[in-house]
Amino acid sequence: MYKLRSLLCITISLLALACMAQAQVPVPILRGVGLANAVNGNASLGPGQFAFNGAPPTLSLFDTVANAQNAGVVQPCYVQVVVNMPGPPAQGMNGDITLNGHVYIVTFDNNPVGHWSIALGGFAQGVARGDFSANAQAGRPGNIVNGPAPPRPAGVNCR
């Protein structure tokens with residue numbers, strides 16, 4: 001009887017944990033970057049493209065190229081990062097992205113439309129910029145999206 005009760009308690013506990021765990025929703029967002037080489041289309045993915053600005057410092061991204069352009073962020077190329085969200089994004093919701101073992105908090109503030117902010121948190125600028133730069137370079141070319149022409153030269157595809 002004791003073994004049956006223990007097994008039942010363990011089963012109920014595991015079911016409760018499974019119900020509490022939420023499925024993570026991967027959400028791709030975009031950061032506008034320049035061109036390192038306008039002839040071959042290499043996007044500029046160095047740490048300088050990933051500056052955290054403001055108070056508190058954040059990195060600004062958008063859900064689509066069109067929303068970035070509408071907000072005045074017109075770049076020849078955009079690099080995609082994937083955020084883990086606890087559900088479909090809603091304004092004010094937080095998610096996270098882990099790069100090089102560092103967890104960054106990402107907020108869908110939707111101000112302006114489609115805008116996301118990644119908090120610098122307790123990381124130094126150099127560390128955070130390096131994390132995002134290394135991630136972008138490791139994903140090349142699959143994570144690079146064309147921006148408008150101009151500023152991207154006609155016939156040149158970002159990579």
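Side notes on the structure shown:
- The single condition among (1) in contact (Cβ under 8 Å) with a residue 24 or more places away in the chain; (2) more than 15 Å from the chain's Cα centre (by Cα); (3) under 20 Å from Gly130 (Cβ atoms) that Asn53 does not satisfy is (1).
Conditions tested, residue by residue: (1) crowded, with 20+ Cβ neighbours inside 10 Å; (2) touching a strand residue (DSSP E or B) at 6+ places or on another chain (Cβ under 9 Å).
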{"site": "Ala55", "(1), (2)": "no, no"}
{"site": "Leu61", "(1), (2)": "yes, yes"}
{"site": "Gln91", "(1), (2)": "no, yes"}
{"site": "Gly126", "(1), (2)": "no, no"}
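- Per the conditions (1) assigned to a helix (DSSP H, G or I); (2) in contact with an Asp or Glu (Cβ under 8 Å, 6 or more places away or on another chain); (3) small (Gly, Ala, Ser), the sole criterion not satisfied by Ala134 is (2).
- Among the criteria (1) touching a strand residue (DSSP E or B) at 6+ places or on another chain (Cβ under 6 Å); (2) in a helix (DSSP H, G or I), the one Tyr78 does not fulfil is (2).
- Scan of the range 69-89 for residues that are among the hydrophobic types (A, V, I, L, M, F, W, C) and more than 15 Å from Gly34 (Cβ to Cβ), ordered by number: Ala71, Val81, Val82, Val83, Met85
- Of all residues in the range 65-82 being β-branched (Val, Ile, Thr) and within 12 Å of the chain's Cα centre (by Cα), the one that is farthest from Gly121 (Cα to Cα): Val79
Read-outs throughout are calculated quantities, based only on the coordinates presented, and are distinct from any laboratory measurement. Since the structure is predicted, the reported quantities are computational estimates derived from the model, not experimental observations. Methodologically, a virtual Cβ is constructed for each residue, glycine included, from the backbone with ideal geometry; neighbour enumeration extends over all protein chains shown.
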